[in-house]
Amino acid sequence: MADATTSLVVGSATGDYSVRATTREVVARLNSKAFLTIVSRVQAPLIVMKEAGLTRRKYKYLTSYKGVLFYTWARERLELPKDADIVVADSMPGAD
């Protein structure tokens, strides 16, 4: 029986995405363009955002689509849809 912390990591040769799956979660890391494509498929998407970094700003984003969590980060703020519900997180694992 697999342990709850057992994970599978898959990446693409182009670096467009990677997927981390455990028995508790599936999180797909996308490049910013692919993330915005996923967000555009949802009416009024919920997006969690965290601004991190003291000297080099980094913006991290998380959303859900069809039961999968999608994550990206960017050095500049992404242009999010006007109808998006944006939650600014105090903390996000790996964001600080």
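Quick notes
- Extension gain (nm, one decimal) between I86 and A74, 0.36 nm per residue minus Cα-Cα: 2.7 nm
- Candidate cross-link partners of K58 among the lysines, defined by an alpha-carbon separation under 23 Å and a same-chain spacing of 8 or more, comprise K33, K50, K82.
Since every read-out is calculated from the coordinates, none of them should be taken as a lab result. Model, not experiment: these values are computed from the prediction.
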